[in-house]
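Reading through the structure tokens given below for one structure.
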Amino acid sequence: MSVHQKFVKKKTTRCRFCITKTEPDYKNVSLLKSFISDKFKILPRRATKLCAKHQRRVAKEIKYARMLALLPFVPKYK
């Protein structure tokens, strides 16, 4: 490890919900869709840039929205 690597300050990204002081909600389907991949899988934390608390909450809300048929489990094939 070089001297330069020791002193490089790491960029910290803040969670979108922590910044706005809001919580994810199962009724906000358009927001939840941004956390789902094109294969309808829940995106990991490194991709969503959320804190651990809100990543767990988003996953829970997506699963609840799927059970209520607000979000699909699988994509529609034509």
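Bear in mind that the values in this text are calculations on the coordinates, not laboratory data. If you're wondering where the values come from, they're calculated on a predicted model, not measured in any experiment. Virtual Cβ from ideal backbone geometry, glycine too; neighbours counted across all protein chains shown.
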(request) Using every pair of alpha-carbon atoms in the chain, split the distances into 5 Å bins beginning at 0 and state the percent of pairs per bin, rounded to integers. (result) 3, 14, 23, 19, 13, 9, 6, 6, 4, 3, 1, 0
(message) Can you compute the modelled spin-label distance between Leu68 and Phe40, with each label point 7 Å from Cα toward Cβ, in nm?
(response) 1.8
(request) Please work out how much length the chain gains when fully extended from Lys49 to Lys21, using 0.36 nm per residue of separation minus the C-alpha to C-alpha distance, in nm with one decimal. (result) 8.5 nm
(message) With an 8 Å Cα cut-off and a minimum separation of 6 or more residues, compute the relative contact order for the range 22-72 in percent.
(response) 46
(message) For Ser37, Ser30, which order do you get if you count the other beta carbons within 10 Å of each Cβ and list the fewest first?
(response) Ser30, Ser37
(request) Only helical DSSP H runs with n ≥ 4 go in: add -39500 (n - 2.57) per run for the chain, normalise by residue count and round the 222 nm mean residue ellipticity to 500 deg cm²/dmol. (result) -10500 deg cm²/dmol
